[in-house]
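The values are calculated or read from the model by the stated rules, or taken from the named source; none is laboratory data. In this text the structure is predicted, and so the values were computed from the model without any measurement. Reconstructed Cβ throughout: ideal geometry from the backbone, glycine too, with neighbour counts over all protein chains shown.
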Amino acid sequence: MKQYHIETYGCEMNKAESAAMEATLREHGWKRVSEQDADLVILNTCTVRTTAENRAWNRISQLSARKKERAFALAVVGCMAEQHKGAIQKKAPGVDYVLGTFQKQSFGLMLDLVAKGEKIDVLEETPTYVFGASYHEPGAFRSFVPIMHGCNNFCSYCIVPYVRGREISRNPSNILKEIDQLEDLGVREITLLGQNVNSYRWEEQGHVLDFPGLLKLIARHLHDRQSSDAHGRIGWIRFLTSHPKDLSDSLIDTIAEDPIFCRHIHLPVQSGSNSVLARMNRKYTREYYLSLVDRLKAAMPDLTLSTDILVGFPGETDDDAEQTLDLMRQVRFAYSFMYHFNARGGTPAASMPDKVPDKTKKQRLARVIALQKEITSALMRERLGQTDEVLIEGVSRRSKKEVLARTARDEMVVLPAAQSRIGQFARVKLVSISGNTFRGEEV
């Protein structure tokens, strides 16, 4: 039996696509092992951030050097493979295959070639992205379900539209089919994935299904299915990621009407300054974002929000940075992914004037991080004494007698419970705080 090892860098979509590749590997009779024993090593790469790309380059260099010690095939796939197809094998001749975003349909062919000890230089590409049949990891009770792919927004700093291509939506029948399979496998929570899920749009026989319509379709389908068999149900639905400009009132109403949708939304703001947002080509203003947050919280008072914040964008002034801090204080994000600007080659922002010095970028980022810590701590203290439902995810790192769970609001909770409870829902009281995690007691 041939053996493989896979490493995944980057976003949730990459994780889902790695799961789909592993399903194909199993179908072709491959077994997962450690890197040292693998006949094939696969790196599923990211190029959105400089840090992720640098990590991948370092790993490619390490693995290329190890090919001098033993024979194995090395494949680089994903966004970095799409962005740097020609450069990868020139810079690292030890790489045997480079599969970009639109060569995924050739993955099975590559496996067969590796198994036979053969190789071809060029693998077929398709003009549009091809969705996999399943993205489930065996034994997992939480699963990603990609519903759309690509991005048409072209934010000036972002490489995604260039490596993922234009937006394409997945057939809703295939989405429902995969969800049924996941529920039969014992999955309790699904996360609908897309670079911009709010742009989902499926046209068939003159009928248009948008994202709110898809959510209603999935919820109705699950409720109808579960009415005859409540055992092993999918109880929660999450989705990632939402672009603020496309989050409609219809979507807000759809989420608010059904508790199957988790009370948490990741809503990247990037900056609190209108001038910076305009240069980023985000297509909304600070005022629009704040009004959207007001509408969300009015419809769902228990909703939590998280976000992405990018500081040090070209032309950002001290006042712009202050406006971002002020917006954070108004919205009170549960948590944020915070980073400073690093130019991505091929994007408009890479050639913009008025670059912010590295020292200033780091200082502004430190202030954003410090403020977010204050806000997160305050929000957690306000939650103490409240009771909520959690999904138990795994064993606590600190004690085998405790488990780690998550609320619908995307809060982490540690509580005493047997490992047999993993994958089950429970009601807990939030009694104390340790770092960014609650300690809970089952009620």
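Filter the strands (runs of 3 or more DSSP E) completely within the stretch 160-249 down to those with at least 2 residues that are touching a residue at least 40 places away in the same chain (Cβ under 8 Å).
Numbers: elements: 189-193, 201-204, 207-210, 236-240.
Once the strands (runs of 3 or more DSSP E) in the stretch 160-249 are filtered for at least 2 residues that are touching a residue at least 40 places away in the same chain (Cβ under 8 Å), what remains is 189-193, 236-240.
Is it true that some residue in the stretch 371-388 is charged (D, E, K, R) and within 30 Å of PRO138 (Cα to Cα)?
Our first condition is that a residue be charged (D, E, K, R); within the stretch 371-388, this holds for 373-374, 381-383, 388.
Filter once more, so that each one left must be within 30 Å of PRO138 (Cα to Cα): 388.
Yes.
Can you spot a residue in the stretch 293-300 that is buried (at least 16 other Cβ atoms within 10 Å of the Cβ), under 30 Å from ALA219 (Cβ atoms) and touching a Lys or Arg at 6+ places or on another chain (Cβ under 9 Å)?
The answer is yes, given that some residue of the stretch 293-300 is buried (at least 16 other Cβ atoms within 10 Å of the Cβ), under 30 Å from ALA219 (Cβ atoms) and touching a Lys or Arg at 6+ places or on another chain (Cβ under 9 Å).
Between a first residue in the stretch 341-368 that is surrounded by fewer than 14 Cβ atoms within 10 Å (Cβ to Cβ) and a second residue that is at pLDDT below 95, which pairs have beta carbons less than 7 Å apart while being 6 or more apart in sequence or on different chains?
Listed by first residue and then by second, the contacts come to GLY346/ILE159; GLY346/TYR162.
With the stretch 328-443 as the region, which strands (runs of 3 or more DSSP E) entirely inside it contain at least 2 residues that are within 26 Å of PHE261 (Cα to Cα) and not hydrophobic (A, V, I, L, M, F, W, C)? Steps first, please.
On the way: elements: 335-340, 387-395, 402-407, 412-416, 425-434, 437-442.
Ranges flagged: 335-340, 387-395, 402-407, 425-434, 437-442.
If I filter the stretch 160-193 down to residues being of a type in the set (Gly, Ala, Ser) and at pLDDT 95 or above, which single residue comes out as nearest to the chain's Cα centre (by Cα)? Working first, answer last.
Just the residues of the stretch 160-193 that are of a type in the set (Gly, Ala, Ser), to begin with: 165, 169, 173, 186.
Narrowing further to those that are at pLDDT 95 or above: 169, 173.
On the way: SER169: 17, SER173: 23 Å.
In this case the residue turns out to be SER169.
From the set of residues in the stretch 262-321 that are free of Cβ contacts under 8 Å to residues at least 12 places away in the same chain and aliphatic (A, V, I, L, M), which is farthest from LEU391 (Cα to Cα)?
ALA278
Could you run through the stretch 397-443 and say how many residues are closer than 20 Å to PHE141 by Cα, small (Gly, Ala, Ser) and surrounded by 17 or more Cβ atoms within 10 Å (Cβ to Cβ)?
Count: 5.
Name the residue that is surrounded by the fewest Cβ atoms within 10 Å (Cβ to Cβ), counting only residues in the stretch 67-110 that are among the aromatic types (Phe, Trp, Tyr) and within 28 Å of the chain's Cα centre (by Cα). If you could, list the steps in order and put the result at the bottom.
As a first pass, look at the stretch 67-110 and keep what is among the aromatic types (Phe, Trp, Tyr): 72, 97, 102, 107.
Next, only the ones that are within 28 Å of the chain's Cα centre (by Cα) stay: 97, 102, 107.
Numbers: TYR97: 24, PHE102: 18, PHE107: 22.
Within the stretch 67-110, the match that is surrounded by the fewest Cβ atoms within 10 Å (Cβ to Cβ) is PHE102.
Tell me the residue from GLU82, GLU7 that is out of contact with any His (no Cβ under 7 Å at 6 or more places or on another chain) and under 20 Å from SER134 (Cα atoms), please.
Numbers: GLU82 fails: under 20 Å from SER134 (Cα atoms).
Only one candidate qualifies: GLU7.
Please identify the pairs in which a residue from the stretch 47-65 that is closer than 24 Å to GLY165 by Cβ has its Cβ atom under 7 Å from the Cβ atom of a residue that is among the charged types (D, E, K, R) and assigned to a helix (DSSP H, G or I), counting only partners at least 6 apart or on another chain.
From the stretch 47-65, the pairs are THR47/GLU53.
Report yes if some residue within the stretch 312-321 is in contact with a His (Cβ under 7 Å, 6 or more places away or on another chain) and not in a strand (DSSP E or B); otherwise report no.
First pass over the stretch 312-321, keeping only residues in contact with a His (Cβ under 7 Å, 6 or more places away or on another chain): 312.
The next check asks that each one be not in a strand (DSSP E or B); those that pass are 312.
Yes: one or more hits.
For the stretch 149-173, how many residues are over 26 Å from ALA278 (Cβ atoms) and of a type in the set (A, V, I, L, M)?
Step one: of the stretch 149-173, the residues over 26 Å from ALA278 (Cβ atoms) are 149, 168-173.
Filter once more, keeping what is of a type in the set (A, V, I, L, M): 168.
Residues meeting the conditions: 1.
Output the helices (runs of 4 or more DSSP H) that fall wholly within the stretch 66-145 and possess 1 or more residues being in contact with a Leu (Cβ under 9 Å, 6 or more places away or on another chain) and aliphatic (A, V, I, L, M), or say none. Lay out the reasoning, then the answer.
Values: elements: 79-83, 85-91, 107-116.
Output list reads 79-83, 107-116.
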